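Novice: Take this structure, written in structure tokens, and hold onto it; I'll ask about it next.
The values are calculated or read from the model by the stated rules, or taken from the named source; none is laboratory data. The structure displayed is predicted, hence computed values, not measured ones. Methodologically, a virtual Cβ is constructed for each residue, glycine included, from the backbone with ideal geometry; neighbour enumeration extends over all protein chains shown.
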Amino acid sequence: MKLRIPVAPQAEDSSLNMKLLFWKLMSSIAGIALPLWRLGQTMAWLPLRFGRLVRLRAACLGTIPPTTQLDGPVRTAGRASLRLGEHCRLGRDVYFETVDSGRIEIGSYVRINAGCMLVARTRILIGNDSLIGEYSSIRDSDHGIEPGVPIRIQPHRSASIIIGADVWIGRGTVILKGVSIGDGSVIGANSVVNKDVPAGVIAAGIPARVIRFRGSSQQPAETV
């Protein structure tokens with residue numbers, strides 16, 4: 001039979017207080033350490049993001065604001081004539097190319113996702129707050145296709161592309177030369193846009209056709 005030595009209530013209270021003090025101390029340390037760890041993670045990324053921004057600026061003739069966010073390397077062919085608005089975000093492996101007097105002008109708060117390709121021989125204009133889904137192609141020119149001459153040596157045909165403000169271009173969309181897309185319109189994924197799209201509609205398909213107005217089941221009188 002073991003002899004049980006009674007513990008004084010005061011000793012039990014002291015032990016409990018020590019435990020509470022320990023956990024309060026641990027909680028305070030965690031409250032300080034976690035923000036510092038997050039700050040350290042952010043600071044570690046800063047040189048990489050700054051380097052990407054510097055490389056993009058060096059590869060472009062135009063304006064690349066310091067508020068530009070780059071999720072990965074952005075590629076150009078030569079020195080692209082590119083102008084970005086404030087707070088744009090570019091995904092990994094976005095590709096810009098301008099030929100001769102071609103230029104690309106992008107508004108503020110525009111998101112261009114990974115793998116998109118923008119090539120301008122005349123002009124590509126994208127309005128504020130627009131979203132371009134992954135792997136979309138926006139080219140303002142194509143090849144001549146006259147018979148009797150190899151297509152590869154025929155001159156390009158070019159016409160400006162204008163994409164309005166607050167437009168959402170779905171993943172894998174192809175936008176061809178001379179197209180205008182009105183403000184607030186949505187283009188379904190994997191569509192081919194070869195004609196103008198009015199403002200405030202949802203369009204999809206190959207070729208893209210207007211399905212309905214945004215926020216309504218009504219179809220416009222004139223479809224794309």
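Novice: Search the stretch 131-161 for residues being part of a loop (DSSP other than H, G, I, E, B) and touching a Lys or Arg at 6+ places or on another chain (Cβ under 8 Å), and hand back the single one that is surrounded by the most Cβ atoms within 10 Å (Cβ to Cβ).
Specialist: Asp140
Novice: Something else: Could you grab me the full set of residues in the stretch 85-130 that are touching a Lys or Arg at 6+ places or on another chain (Cβ under 6 Å) and within 14 Å of Gly164 (Cα to Cα)?
Specialist: Glu105, Arg111, Arg123
Novice: Here is a further query. Here are the criteria: (1) at pLDDT below 95; (2) surrounded by fewer than 16 Cβ atoms within 10 Å (Cβ to Cβ); (3) out of contact with any Asp or Glu (no Cβ under 9 Å at 6 or more places or on another chain); (4) not aliphatic (A, V, I, L, M). Tell me which single one Glu86 does not satisfy.
Specialist: (1) is the only condition that Glu86 fails.
Novice: Give the number of residues within the stretch 51-100 that are closer than 23 Å to Asp129 by Cβ and among the β-branched types (Val, Ile, Thr).
Specialist: 6
Novice: When both residues are 6+ apart or on different chains and their Cβ atoms are under 8 Å apart, which pairs have a first residue that lies in the stretch 109-130 and is free of Cβ contacts under 8 Å to residues at least 60 places away in the same chain and on the phi > 0 side of the Ramachandran plot, and a second that is surrounded by fewer than 18 Cβ atoms within 10 Å (Cβ to Cβ) and among the small types (Gly, Ala, Ser)?
Specialist: Pairs found: Asp129/Ser108; Asp129/Ala165.
Novice: Could you go through the stretch 209-220 and let me know if any residue there is within 24 Å of Tyr109 (Cα to Cα) and in contact (Cβ under 8 Å) with a residue 40 or more places away in the chain.
Specialist: No; the residues of the stretch 209-220 include none that is within 24 Å of Tyr109 (Cα to Cα) and in contact (Cβ under 8 Å) with a residue 40 or more places away in the chain.
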